[in-house]
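Structure first, then comments.
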Amino acid sequence: MMGDMKRDTSSPAPDGSSTSGHMPERRRIALVAHDNRKADLLEWARYNRLSLVGHELLGTGTTGKLISEELDLDVARVESGPLGGDVQIGAMITEGAIDMLVFFWDPLEPQPHDPDVKALLRVAVVWNIPIACNRATADFLISSPLMTEPYQRATRHYGAAMRPRPAASTP
């Protein structure tokens, strides 16, 4: 499952300089949806099934199982979001193992794991992967010519901002 997703070894430089992350021809796409948005994501995936079948798919617990069973697609799975799945996907993004995030989150319903949701979205932005949080954006991304062409994703390491700060000295 998670081990099947291949790591991109072109990681950012520790000195904070910009580097590029090569996206493989078969994109590694994470599919995530909150309960009130699962039907929307399933409908989107059904409509785009022929495009999705050409990529490596990963989903959080129930979402991944739903897409796999309903659409007969091979979807590797991590834990459900509230059990750490969002954090697992965030870690995979930092390792270069995810190229695109389709995350239909529910902006009107509080989630028990809201900090994890925010962290996942932040990590996706920091590592400059395409993110779709609604149907329109997901449609634009999946139909982009860049989905089937070689692509070098520019990344910027945040350098000192991501390093631990020295502990304050006490008198």
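The values are calculated or read from the model by the stated rules, or taken from the named source; none is laboratory data. None of the values given here were measured: they were computed from a predicted structure. All Cβ positions, glycine included, derive from the backbone under ideal geometry; neighbour counts span all protein chains shown. For the accessible areas, the whole protein counts, side chains as well, though only heavy atoms, and no ligand, DNA or RNA atoms are used. Shrake-Rupley method; radii C 1.70, N 1.55, O 1.52, S 1.80 Å.
One table, with the values for the structure above:
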item	result
Qualifying residue in the stretch 65-81 (condition: surrounded by 13 or more Cβ atoms within 10 Å (Cβ to Cβ), closer than 17 Å to Pro130 by Cβ and modelled with pLDDT of 95 or more)	no
Filtered residue count, the stretch 83-98, keeping only those that are open to solvent by 80 Å² or more (accessible area, probe 1.4 Å) and farther than 19 Å from Val125 by Cβ	1
Leu101 being surrounded by fewer than 15 Cβ atoms within 10 Å (Cβ to Cβ), of a type outside the set (Gly, Ala, Ser) and at pLDDT 90 or above	no
Helices (runs of 4 or more DSSP H) contained entirely in the stretch 23-96, each with at least 1 residues that are under 20 Å from Asp139 (Cα atoms)	38-47, 49-52, 61-71
